[in-house]
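Report on one structure; see the data block that follows.
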Amino acid sequence: MGYILGYDPDTLREIVDPEQCSDRLDEIGEQRSLPSLLERVWLLKVLGRLDEALAVAEQAVRVARMGGTRKDLLRARVLHGTVLQNRGAHAAAIQEITTCAEEAEGQDWPLLAAFAYQHRGKVHYDADDYAAARTDFKRALFLRQEGGAPEEQLESTLLAVDAAERRRSRVSVAG
């Protein structure tokens, strides 16, 4: 999404301009195309409107299942998982995203698999499982390199690996 200004180095959440995101949400309105639905989910999520994001995410999964490609469905399900994560339903988010990551890898879609592993890593990170987060971020980095991902995606993944390592070190020193 072009609305990401950066990532919080401690929480790994997207840093966005809320006004710009709200304006874009107004522009999209109630459009029902899959790309519009997916964008609405993301915008609602980053704006903290999680109940609305969940409802639109469920609609996006249904639309992708009925009329999209298999890749579309996996993307919609990963995004649904990120909404579950933001709502604190970590186990459900991990389950949803894991099936997507495994299918994408099985289909040899490295960039889609990397997308899923990156997000599953963020769920582990939110759940304070920094070792699992680091493992997922490293897997995402490998797949993104293999798939020829853009530099900004590689950088965001490296930031996530570093954050997980820092948190893991703090926990092991404190424990």
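The values are calculated or read from the model by the stated rules, or taken from the named source; none is laboratory data. Quick caveat: nothing in here was measured; it's all calculated off a predicted structure. So basically every Cβ, Gly included, is an ideal-geometry build from the backbone, and we count neighbours across all protein chains shown. For accessibility, only protein heavy atoms count, side chains too; no ligands or nucleic acids. Shrake-Rupley method; radii C 1.70, N 1.55, O 1.52, S 1.80 Å.
Overview of values
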read-out: Two-site label geometry, residue 162 and residue 13: point separation in nm, points 7 Å out along Cα→Cβ; value: 2.1
read-out: Global geometry of segment 1-111, whether rounded, prolate or oblate, following the gyration tensor of its Cα atoms and the 1.5 cut on a/c; value: oblate
read-out: Ordering of 31-38, 80-87 by packing [mean C-beta count within 10 Å, highest first]; value: 80-87, 31-38
read-out: q = 0.20 Å⁻¹, segment 62-162: log10 I(q)/I(0) [Debye, one scatterer per Cα]; value: -0.95
read-out: Projected label distance in nm at residue 89 and residue 4, using a 7 Å step from Cα toward the beta-carbon; value: 2.3
read-out: Normalised contact order of segment 81-137, rounded percent, pairs of Cα under 8 Å and 6 or more residues apart; value: 30
read-out: 20 Å Cα-Cα reach of residue 138 towards lysines, excluding residues that sit fewer than 8 places from it in its own chain; value: 122
read-out: Portion, in percent, of the accessible area of the chain that falls on carbon or sulfur, probe 1.4 Å; value: 49
read-out: Neighbour net charge for residue 119 - beta-carbon separation under 10 angstrom, K R +1, D E -1; value: 0
read-out: Segment 115-175-segment 1-32 distance, computed between alpha-carbon centres (Å); value: 21
